[in-house]
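Here the structure is laid out as structure tokens; the discussion comes afterwards.
The values are calculated or read from the model by the stated rules, or taken from the named source; none is laboratory data. Quick caveat, the model's predicted, so the values are computed rather than measured. Here the Cβ positions follow ideal geometry from the backbone for every residue, glycine too, while neighbour counts run over all protein chains shown. What goes into the accessible areas is simple: the full protein's heavy atoms, side chains included, and nothing from ligands, DNA or RNA. Shrake-Rupley method; radii C 1.70, N 1.55, O 1.52, S 1.80 Å.
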Amino acid sequence: MSARSKRRAALLVVALTACAGAVWWWGLRTRVTEPPRVDLSGADPAVRGVVDASRERVLANPDSASAWGELGMLLLAHEQFAAASTCLRQASRLAPDDPRWPYLDGRALLEGEPDATAALEGLERATRLAGAETSPRVLLAETLFEQGRLGDAAREFRAVLEREPQNPRALLGLGRVAHSLGDLEEARVRLEASASGAPRVRGTHALLAEVLFRLGDADGAARERDLASRLPESPAWPDPFFQQVLDRRVGALADIERANHLFHTGRRDDAFALLRRTLARSPDALLARLLLGRLLLQSGNLDEAESTLREAVSAAPAAFEAWFELGRVLERGRKDADAEEAFRRTIDLRTDYAPAHHRLGLCLARRGDTAGALRALRDAVRYRPDYAAGYRDLGRLLIQLGERDEGEIHLERARQLLAR
Amino acid sequence: MDFTSAHVHIALTAALALAAPPGCTPSARDGGPTSGPASAPPWFADVTDEVGLDFVHEAGTVGDYFMPEIMGSGAALLDFDGDGRLDIYLIQNEDAPEDSGAARDRPAARNRLYRQGGDGRFADVTDASGLGVAGRGMGVAVGDVTNDGRPDVLVTEYGGARLFLNRSGETFDDVTRAAGIDNPFWGTSAAFFDFDRDGWLDIIIANYVVYSPTRPCSDQAGQRDYCGPAPFPGSAARLFRNLGATPGEASSVRFRDVTVASGLGELSGPGLGVICADFDGDRWPDIFIANDGKPNFLWINRRDGTFAEEALYRGVALNAMGQAQADMGIAIGDVDGDALFDLYVTHLTDELHVLWKQGPRGQFTDRTAVSGLARPSWRSTGFGTVMGDFDHDGALDLAQVNGRVKFLAGPSPPGTPFWNAYAERNQLFANDGNGVFRDVSRANDALCGTPAVGRALAVGDVDGDGALDLLVTVVEGRARLYRNVAPSRGHWLMVRAVEPALGGRDAHGAEITVIAGSRRWARLIQPAASYLSSNDPRAHFGLGDVARVDRIEVIWPDGSEAVFPGTDADRVVVLERGNGGSR
């Protein structure tokens, strides 16, 4: 090969490399030019509406990280994980210093068909960008732990504790690492520290129960198990990034969750208004109607509760829950004959629904049909043998009827079940 | 190629590699570090057509998202006629025409019984068997409740359970009511075991939830889909104590519901899987129940007819993250050779299937990740699962069948089959001998290559060649039999443990340990495992290069021990209680 040919070949290589670099940079910068299409034809119209509108904003502003991020958050909020990940990654490319996008992308990648390896990349990046905000690092540590990388997980949990020495989630994580490594004493210390900072996290008490059991502290183990059994299932750790996703949920399902929350935080009128708006928009939303009836009953508005639930049984006559809720309202309104009928309808539809037998038994007892009441209460505990209230009322009725010995047995069983 | 073109080729290769956008490199989703090569010889071949198994599962009329139809139904490998060959019983799950919203010009599909002939083919003998019942069938368990040496059958249903007595090795009678079996719940997996060690097999039925068909469920976007268990109250498992039968009068067998008296009634759960074994080492059988979305139960036998729930203390209630996950099918076996039984439980696609290793005795720890099971080739919703040494290398491997219960991003598009949105591929994991697994699904196209809505999985040596075969059911599809064709298999031993004093029935609950030199392999005699399934009641041992074992130790269900002399490998041995040396 001549010197000239060699020069030409070298130039060609340089040119091709430069082209490839340009192509790569271009791919990195604008790999996704159009937001992904998701088929939401069967979805709640409210969800479809916000997603479509957000998609339009992305099409109008394809270089806007916030537009892509907003669409990503909406898709993540409504469980369109793969599409959400695409959008959040694009947002991250356009705004590489914003920790939200790689973090939420990591969250999306841990859902649906999880890809922990890819999720870890996003979480590591978010951790680097997040500064004082520790949520990304804690989730990174938990994901590493779940993947069996105990040393890496422990390092990240400790890094959280350097910023926040009492962070209960990181202490719990270190407790889990110690437990996995068989260091039960270290696990106990970490878990107790976590429980003192966040006493209502079920997982902490559950693991502590096991650790204490293995350490031979039977009383302590029983105490922790009882605590765990009384706590709700999952801890709602503060997560400012993901809260933005949750806040974007729309549609009947989101309305129901929101109304429930409003009611139980004292904003009853707001809850009722929200449910009525939902029903005006989606008259077939049985769950919204049932919740409205139940909340009206809880707030003592029996007339409106009854009319709401009568609408529910009229719209869905095969829904045993609707008949049962109606029975409860009628019972509270001292309409025992009507309540009895509602409970019987419930049982016709769902024979093994123990609460209906229980309430029917109480109705019948008030109406003087003690034989029928006994039958119904016996059925209640037969169908649900862990039904403390059923045993209690069966025991009381038996004692009223002079069957003290059997009655006491049932009362004792009720006490045992309540003590669990 | 001259120098110039070679340079250009290298440059182009480099350029193309550089130009590949980030994210196009293989990730765990495409085959993580625990994946095996796709080119390795497969372990299983689909022989469904070859053996004449023509069962097609019917799920009824779809479109109303009636929850029982997504849960599938079961399969049993049993030798009902006592000819030494495994037969097959398969369960249907179809609503009656009058309960169906759509018109249908045929009656509801019936459960089917297939007898294996000497040529290895299966003949449908349902009509004369008495087992051809229709209904919303779920699970099946097999055990001899009358101690007459013939296996009886329990079928669980959405809203019931039926007990069939094996009359003559040819026909079965439904004795449910007369025997005192009353389970008006959504029954799922069930097992026969002798919890009070009186010599009569008792029955445990896991029950699921008090389901409301009118309750609509959807994803967060509002797209209608099948419900999960969360909105519904769970049901308690039911325990039926076998009061015995008069000799020669099988139909006199009676059961008493001891759910409340035993303590099992104290807790309700959405139970899907059940396995009975001695977990705490006191030689009394305990009960592990896999709950869907709630903490699991481990009922420890208190030896007085009652049980104490200790799953939390013993590490099997929750996963390593402290979460109650969707626990479904259960596989049991000693994956790491420490002679302690470990548990593998299948879960949803966005969860991990969990391996709880036992040690010390009675304590379990979630070892999923360190066992190589946290990064499979693909994620899945697992149901039926079994442990078996498929390649006879001396270590228990794992098989599981998969199929979603919720669609990933929406229902099947119009014009495509409804069930496509739920179909997933099965999975197979090879054990390296130390309890660490490698995903070999890609090399097993027959078993793992085609997406379907897999549910039950039963394991047994169907063709009598000493290797474990697999029987799989799918929702709205054909049941399939997979023959073990693993090449270069090592030695093996198949052990049947029977109790001559109890009619020669299988010794449910016996623990068999095969010893060769310093090596020990432990197995449990208990056909009820996996999901809705009943397996070969014999214990199978892969022995690797061990051509002869030194001795076989047995712990019988009543807690007594026996030692049987060594034997050459590659055979079936029958251990009869009373004929081995005591320890």
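Some points to look at:
- Per-residue HN-Hα couplings for region B:54-66 [Karplus 6.51, -1.76, 1.60; θ = phi - 60°; Hz; x = Gly/Pro]: 10, 6, 10, 6, 10, 9, x, 7, 8, x, 8, 6, 6
- Normalised by the number of residues in chain A, the mean separation of alpha-carbon contacts (under 8 Å, six or more apart) gives a relative contact order of 7 percent.
- Size estimate for chain B follows the Kirkwood approach: the inverse of mean 1/r over distinct Cα pairs works out to 24.1 Å.
- Cβ neighbours within 10 Å from other chains - mean over B:311-321: 6
- Rg/Rh for region A:303-420, where both radii come from Cα atoms and Rh is the Kirkwood radius: 1.02
- Computed FRET value (nearest 0.05) for residue B:465 with residue B:445, which takes r as the C-beta separation and R₀ as 22 Å: 0.55
- Normalising the Debye intensity of region A:274-353 to I(0), with uniform scatterers on Cα atoms only, and taking log10 at q = 0.14, 0.19, 0.25 Å⁻¹ returns -0.40, -0.73, -1.15.
- Where Rh is the Kirkwood radius over Cα pairs, Rg/Rh for region A:363-420: 0.97
- Within 10 Å of each Cβ in A:117-127, the average number of Cβ atoms from other chains: 2
- Exposure ranking of B:246, A:308 by accessible area [1.4 Å probe, largest first]: B:246, A:308
- Region B:257-336 versus region A:308-337: alpha-carbon centroid distance in Å: 38
- Per residue, chain A reaches -24500 deg cm²/dmol at 222 nm when only DSSP H runs of four or more residues are counted, each adding -39500 (n - 2.57).
- Dimensionless Rg over Rh [chain A; C-alpha; Kirkwood]: 1.12
- The HN-Hα couplings worked out from phi for region B:467-472 by the Karplus form 6.51 cos²θ - 1.76 cosθ + 1.60 (θ = phi - 60°) are 10, 7, 9, 10, 10, 10 Hz, whole numbers, x standing for Gly and Pro.
- Ranked by the mean number of other Cβ atoms within 10 Å per residue, highest first, peptides B:499-508, A:214-223 order as B:499-508, A:214-223.
- Among the protein heavy atoms, those of residue B:121 account for about 110 Å² of accessible surface (1.4 Å probe, every chain in place).
- The protein assembly as shown: Cα Rg divided by the 2.2 N^0.38 Å rule of thumb: 0.99
- With all protein chains modelled, accessible area of residue B:49 [1.4 Å, Å²]: 110
- Taking amide H positions as modeled 1.01 Å from N, with prolines and chain starts lacking one, the residues under 5 Å from residue B:258 and 5 or more places away or on another chain are B:239, B:240, B:241.
- Each label point was placed 7 Å from the Cα along the Cα-to-Cβ direction; for residue B:49 and residue A:159 their separation is 5.6 nm.
- Each principal axis of the Cα atoms in region B:521-583 has its own extent, and those three values, largest first, are 36, 32, 16 angstrom.
- Selected from B:572, B:305, B:376, residue furthest toward positive end of dipole (chain B; charges at beta carbon): B:376
- Considering all different alpha carbon pairs of region B:190-269, the Kirkwood hydrodynamic radius works out to 15.2 Å.
- Charge dipole of region B:297-436 (Cα centre as origin; +1 on each Lys and Arg Cβ, -1 on each Asp and Glu Cβ, all else neutral): 460 debye, rounded to the nearest 20.
- Take the Cβ atoms of residue A:243 and residue A:66, set R0 to 22 Å, and the FRET efficiency comes out at 0.80.
- Under the shape rule built on the C-alpha gyration tensor, where the axes satisfy a ≥ b ≥ c, region A:182-227 is oblate, since a/c reaches at least 1.5 while a/b does not exceed b/c.
- Nearest-0.05 FRET efficiency for residue A:37 and residue A:420, computed from C-beta distance (R0 56 Å): 0.65
- Chain lengthening between residue A:196 and residue A:318 when straightened (0.36 nm per residue, less Cα-Cα): 39.1 nm
- Helical runs (DSSP H, four residues minimum) scored at -39500 (n - 2.57) apiece and divided by the length of chain B put the mean residue ellipticity at 222 nm at -1500 deg cm²/dmol.
- Sequence of B:392, A:261 when ordered by accessible area, the most exposed leading, probe 1.4 angstrom: A:261, B:392
- The accessible area of residue B:463, taken with all protein chains in place and a 1.4 Å probe, comes to roughly 60 Å².
- Peptide packing: for B:140-153, B:409-422, the average count of neighbouring Cβ atoms within 10 Å per residue gives the ranking B:140-153, B:409-422, highest mean first.
- Per residue of A:205-214, other chain Cβ atoms within 10 Å of the residue Cβ number 5 on average.
- q = 0.17 Å⁻¹, region B:255-310: log10 I(q)/I(0) [Debye, one scatterer per Cα]: -0.52
- Buried area at the A:B interface is about 6200 square angstrom, summed over both chains, from accessible surfaces computed with a 1.4 angstrom probe.
- Alpha-carbon centroids, region B:99-171 and region B:487-544: separation in whole Å: 25
- Whether region B:299-372 is rounded, prolate or oblate, judged on the alpha carbon gyration tensor where a/c under 1.5 counts as rounded: oblate
- Pair residue A:401, residue A:53: separation of 7 Å Cα→Cβ label points (nm): 6.1
- Note that region B:105-247 presents 30 Å² accessible area per residue, ligands and nucleic acids not counted, probe 1.4 Å.
- Estimated dipole of chain B in Debye, rounded to 20 [Cβ of Lys and Arg +1, of Asp and Glu -1, Cα centre]: 800
- Tensor-based shape of region B:481-536 (alpha-carbon gyration tensor, a/c under 1.5 rounded, otherwise prolate or oblate): oblate
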